[in-house]
Each structure stands twice: as structure tokens, then as C-alpha cells.
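Enquirer: Right, I'll just put the structure down here and ask away after.
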Amino acid sequence: MTTDAGATTRISGSSTAVRAQPGHGLLWRIVSSDIFAKILVGVVIVMVWQIGMDRLGSNFDYVARPSGVVQAIPVTIAPEWYFVNVLKTPEAYTPVIRAAHERFKNGIVSTIGAIFIGLFISLVAGTVVGVLMGRIKAVDRLLSFYVIAFYAMPMVAIVPVVVNWFGSAGGGTRMAIILFAGFFSITMNMADGARATPPEYLDVAKAYRAKPWDVWFGIAIPAAMPYLLAGIRLAAGRALVGAVIAEMLTGTPNSLGNFILLEAGNLRYDEAFVAVLVLSFFGVGIEVVLNWSTRTFLPWYRREG
Amino acid sequence: MNSIWDSRLVRFSTYAAGLLVGAALWEHFGGKVNASYGAPLSATVKRFIFLVSNGQLQEAVLGSLELYFAGFIAAVLAASVFGLLMSRLNYLRVGFENYIMLLYATPMIAMVPFIKSVLEIGFAAKFTVVFMFGFFPVLFNTLEGGRSLKPEMIEVAKSFRSSELALWRDLLIPHTVPFILTGLRQGAGRALVGVVAAEFLISSSGLGGLIQDQQGKYSMSGVFASIAVLTAMGLLLMWIGRVLENHMAAWRGLNR
């Protein structure tokens, strides 16, 4: 069974919710449209969340809910503009809010920056190690046990060990966990891809007496691009979780994970939720970029399953 | 060249060499570093035997497994029922899929403080964490199954006057099960991370609790032994997931 490349390509409206049929009125056509279905479900989710939290009673006033999150978004992202220009109440722009905004801003830069750097290092190192594992049997047999075992090791469990090595203040532990989460996923997929290099390519290379490194870097890697992209997708999701876990467990200063814990600790759950939204959209953003690059750069590739 | 490398003796000895070199490196550097940084292999094995002999390790494993299976089985059941329902009700699927995608991409670890704010600290809160780690991978993949079900197939079934029950039994469920199993394999690893995260962040218990306990006693070898057990659990779950998926992949027409 062959379907289009990438999961999200199909999500964004390939099949319609209800098949349009002649003779239906305008109202029916609006109600049965995809966009109406999406908005309707969104409204229902928000209402259930809001009413559910309201029902918990006055002891749970601090719990995050849509009405609070909507207000918290401008307060967290652009408090100066919001209080001075929109509400016209500059006196409400307190130092507490200013400090939270600074931590939020710095948190985005630091967390997302660390994930990008960590993923880049994992990508380069994982591609090289993976291609060698896939093409040289001895390397594969020496390393595959470790790659699989470290991949299966729950990354959260090693945080208490790694924090002793790298400390929490400089984000060293976070970087180690991101690399741990990213490197083995990419290596594993790259090795699978390099192992599956079409034999015809290798025959041609052999006939022209290609050097081994030309086979590895000139043939095996390009041929394994779909595997590599699957590896990056896996690595990005794991790295995002790993970064936030490390930040929460070690209290990395000026990070989104720590921002969530601090705001929640001060019963500012709505503000904390804004940071969760940032992480969600970052996660979706990675998926969208990867799907877009699959379609643009690998049009020959059709994902199976 | 291939023939030499494929001979049984060479294959076995390269695998063995990899394991021996790793063990030797661990033993050497583990013994050299400060005791708060690491522990050699021999000390880890000794500590493992000690933790088994006083029953602490078995208790921790059982505690973690109970949490894992309670949360993950509930997640798989809920996600596959909801996913199947959406495969049949197209309108529901189109309405929900973007939100499910969003939650699938959200690092669920970030939701832990919010779960703590609503639920009392205890089993229910930890169960919810594991449930959320496992639920979205399964649902996301079940939905892929629903999306790939061609409307023509349903039309054919309908034109033969298939009952709704028969449609589910003979078309919908057989078509979707392989996708559910792909989700199960993805979710199995994530749920294990969820178990340890819940045991660290909500209340100390199980293997996560044992890691904290051993760390509190300054026993790096105890921490390493607990992590090794967790890794073995992760490998076992990955293997089960892969076997189940391969078993069903034949149905889906993929022989990877």
C-alpha cells in the first residue's frame, strides 16, 4: 500500500469530511465543510476544558483554563505593549510580570537554541557513525548492541547521573540529554538506511573502482535520505522531551522547562501553559518543516504504511 | 570478502569483542573516577546482587510494571476505540486530527505540573502521566489507518448490504490493527519514559524511586544497576512491539 509522503501532508485536508452532493443548501455546505468541523471541535474542546476546570470549585481557581490562558498570552509574550497600549494601565505592569517575561524570552532562546545545536551535532555524528555501521559489518557488530541499548534506555533515568558530571547551571546536562536522545535515533536509522543501499548502485560504483569513502558519502548517504529524515523526526521529538525533562529535573536557569515549574510553583499556571503552547508549536513546526522538505527535496520518495 | 565476514566464528567473535571492550572500558574508567561520578562494572554487579537479595529491586520492578501496564493498557484501549470510531465517522476525524497532531507533538513531560495541580499526588496522578505519554502515539497512528481506508471499500461493503457490525469486524478492525500496533511500538518506549518521569516528579516509587534512593545513599553502583534494569525492560518492550508489528505487517503488505 503506497500513500503520500509524510503524515501531515495528508492531515491538511486531502479527503473531505463529507462528500458534497448536488441539491444541498448553502447552510449544509458550510456545516459540512472541513474548516467548520475543525473549528467546531476546537470550540468544544475549549468549552469542555473551561467548564471542567470551573466545576472543580473555588479551591482550584489557580488551575490553567482557556479564559486564563488567553489573558496570559499577551501578559507573557508582550506585557509592556499589552499593559501600556492596550489596557492603558501601566501601573499593572509589575516587576513580577516583567521578570516572568524576561525568563520566558530567555527560556525560548536557550531551550530552542540548545535543541537545534544538539540536533545538528547528533545529525552530523549520527550520520557518519550510522553510515559506517551500515556499510562495514565489523563496525556494525561492535557498536549495534550499544546503539540499540542506549536507544532503549529511558533518557529520563540517566539525568541523575549526568547531572553529577556536567552540573545544572550551564545547561551542560541538558545538552548531554539532547545528544543522548538524538544521536542514537539518527545513528540507528542511518545504519538501517545504509544497509539498504540498492545493490545496483554498489555494483556500478565497484565497476568504476570507486573509493570506499565515495561509496559511503556519495552513494549510501543520499540513497538513505528517507531513513535519515525518519531518524531526524524521531530524534527531534525525543530531544524536545529530553530537553524539558533535563530542565525540570536539574532546574536549568532561564529555560522553558524551568519557567513552567517556577510559574506553576507561584500558582501562575496560565502563564506556565503559554510555555507549553510554545513547545507544542515548536514540535509541530519541526514536523511541518520535515514534511515540506521531504516533498520538496525527495519527491521520488513515497512513504510506505 | 563477504564470505569471511559472514562466517559464524568471525561474526560471533566481533560481537563478543564489542561487548568485552565495552565491559573493560566501563570497569577501567568506572573504577578510576570519583565515587560520585561513576562505578565500575564489578561494583554494579555486586550492588545488583545485593539489591536482589534484600528484595528492593524486585519490589521496585513490580511497582514500575504495575504503573506501566495500568497506564499503557488503558491508553492503548482508549486510543484504539476512539481511533476506530473516528475511522468510521469522517466528520469527527477531520475535526479532531489537527488537535491530535498538536498533542502528539507536545512533550507530555511539560504537562506534569498541570496534572499535579488537578490530581492529588499519588497513583492516579502517575497513572495519568503514563496514560498521556502512551495515548497520543497510538491515537495518531490509528488515525493514519482510518485515513488510509479507501471510501470505495466501505462502498463495496455497503452495496453488498453489509451490516455495521460486519463492516467493523471484517473491514475496519482488520485494516486498522497493524496501524494500532505501530502506535503501540512507538508508545511503548514513550510510556516507559513516562513511568520514570512520574516516579521522579510526582512521588517516589518503583525504579525511579530506587534510583533516587540509591543516589541519596551515594551509591552510584546502585543507580547504574537500576538503570540497567530499566534498559533491559525497554529492550524487552521494544522487542515485543517489533514482533507484534512484524506479525501484522504481512497483513498490511509490508515486509520490512
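Enquirer: Given q = 0.13, 0.16, 0.21 Å⁻¹, what are the Debye log10 I(q)/I(0) values for region B:165-216, with equal point scatterers placed on the Cα positions and solvent ignored?
Expert: Treating every Cα as an identical point scatterer, log10 I(q)/I(0) equals -0.51, -0.60, -0.74.
Enquirer: Still on this structure, I have one more. With N denoting the number of residues in chain A, provide Rg(C-alpha) divided by 2.2 N^0.38 Å, to two decimal places. Present the calculation step by step, with values, prior to reporting the outcome.
Expert: Working: Rg = 24.3 Å, N = 305, 2.2 N^0.38 = 19.3 Å.
Scaled against compact globular proteins, the figure is 1.26.
Enquirer: Could you compute how fast chain B diffuses translationally, taking Rh as the Kirkwood radius over C-alpha pairs and applying Stokes-Einstein at 20 °C with viscosity 1.002 mPa s? Give it in µm² per second.
Expert: Values: Rh = 21.2 Å.
The Stokes-Einstein estimate is 101 µm²/s.
Enquirer: Also, I was wondering about something else. Along the charge dipole of chain A, which of A:Ile186, A:Phe282, A:Leu142 sits closest to the positive end, that is, farthest toward it, with unit charges on the beta carbon of Lys, Arg, Asp and Glu (+1, +1, -1, -1)?
Expert: After comparing all options, I get A:Leu142.
Enquirer: So if R0 is 51 Å, what FRET efficiency would B:Leu119 and A:Ala207 give, r being the distance between their Cβ atoms, rounded to the nearest 0.05? Can you show the working numbers first?
Expert: Values: r = 66 Å, r/R0 = 1.29.
That pair, B:Leu119 with A:Ala207, gives E of 0.20.
Enquirer: Past the 28 Å Cα-Cα mark, which pairs from A:Lys105/B:Lys126; A:Lys105/B:Lys116; A:Lys38/B:Lys150; A:Lys88/B:Lys116; B:Lys32/B:Lys126? Don't skip to the answer; put the middle values down first.
Expert: Working: A:Lys105/B:Lys126 31 Å; A:Lys105/B:Lys116 25 Å; A:Lys38/B:Lys150 21 Å; A:Lys88/B:Lys116 36 Å; B:Lys32/B:Lys126 38 Å.
Pairs exceeding the cut-off: A:Lys105/B:Lys126; A:Lys88/B:Lys116; B:Lys32/B:Lys126.
Enquirer: Could you tell me the largest-minus-smallest coordinate of the C-alpha atoms of region A:136-228 on each of the three principal axes, in descending order and whole angstroms?
Expert: Cα extents, longest axis first: 55, 24, 22 Å.
Enquirer: Let me ask you something else. Can you compute 3J(HN,Hα) from phi for each residue in region A:64-76, using the Karplus curve 6.51 cos²θ - 1.76 cosθ + 1.60 with θ = phi - 60°, rounded to whole Hz and x for Gly and Pro?
Expert: 5, 8, x, 4, x, 5, 4, 6, 6, 4, x, 4, 8
Enquirer: Under the Kirkwood approximation for Rh and a Cα-based Rg, what ratio Rg/Rh is obtained for region B:98-168? Numbers along the way, then the final one.
Expert: Values: Rg = 18.4 Å, Rh = 15.0 Å.
Using only Cα positions, Rg/Rh for region B:98-168 is 1.23.
Enquirer: At 7 Å along the Cα-to-beta-carbon direction for both B:Leu85 and A:Phe145, put a label point, then send me their distance in nm to one decimal.
Expert: 4.8
Enquirer: Additional query: So what does the Cα-only Debye profile of region A:210-259 read at q = 0.13, 0.20, 0.28 Å⁻¹, as log10 I(q)/I(0), no solvent term?
Expert: Values returned for q = 0.13, 0.20, 0.28 Å⁻¹ are -0.52, -0.69, -0.93.
Enquirer: Can I ask one more? Debye calculation, C-alpha points only, no solvent: report log10 I(q)/I(0) for region A:173-287 at q = 0.10, 0.16, 0.18 Å⁻¹, in the same order as the q values.
Expert: Values, matching the q order: -0.46, -0.78, -0.89.
Enquirer: Turning to a different aspect of this structure: Computed from the mean reciprocal separation of all distinct C-alpha pairs, what Kirkwood hydrodynamic radius does the protein assembly as shown have, in Å?
Expert: 25.7
Enquirer: Provide the net charge surrounding B:Thr128, with neighbours chosen by a C-beta distance below 13 Å and charges set as Lys +1, Arg +1, Asp -1, Glu -1. Mind showing how you got there, number by number?
Expert: Working: positive: B:Lys116, B:Lys126; negative: B:Glu120.
Spelling it out: positives minus negatives among the neighbours equals +1.
Enquirer: Oh, and also: In debye, nearest 20: dipole of chain B around its Cα centre with unit charges on the Cβ of K, R (+) and D, E (-)? Walk me through the numbers before you get to the answer.
Expert: Working: 20 positive and 14 negative charges, 77 e Å.
Roughly 360 debye, rounded to the nearest 20.
Enquirer: I would also like to ask the following. Pop the C-beta distance of B:Ile49 and A:Glu80 into the FRET formula with R0 = 60 Å and round what comes out to the nearest 0.05. Don't skip to the end; give the middle numbers.
Expert: On the way: r = 61 Å, r/R0 = 1.02.
Efficiency for this residue pair is about 0.45.
Enquirer: Ignoring chymotrypsin sites (Phe, Trp or Tyr not before Pro) that are buried or in helix or strand per DSSP, and keeping those with at most 13 other beta carbon atoms within 10 Å, what is the longest stretch of chain B between them?
Expert: Values: sites that count: B:Tyr37, B:Phe160, B:Tyr218.
Longest site-free region, per DSSP loop and neighbour criteria: B:38-159.
Enquirer: Assuming 1.567 mPa s and 4 °C, estimate D for region B:1-86 with Stokes-Einstein, Rh taken as the Kirkwood radius over Cα pairs, in µm²/s. Provide the component values of the computation, followed by the final result.
Expert: Numbers: Rh = 17.6 Å.
So the translational diffusion coefficient is about 74 µm²/s.
Enquirer: I'd like the distance between the alpha-carbon centres of region A:241-305 and region B:1-54, rounded to an integer number of Å.
Expert: Value for the Cα centre distance between the two parts: 36 Å.
Enquirer: Which Cα, out of B:Val130, B:Leu149, B:Val112, lies furthest along the positive dipole direction of chain B (beta carbon charges, K/R +1, D/E -1)?
Expert: My answer, from the dipole projection, is B:Leu149.
All of the numbers you see were taken from the coordinates with simple rules; none came from a lab. All values reported here derive from a predicted model rather than from experimental measurement. A quick note on method: Cβ atoms are made from the backbone with ideal geometry, for glycine too, and the neighbour counts reach across all protein chains shown.
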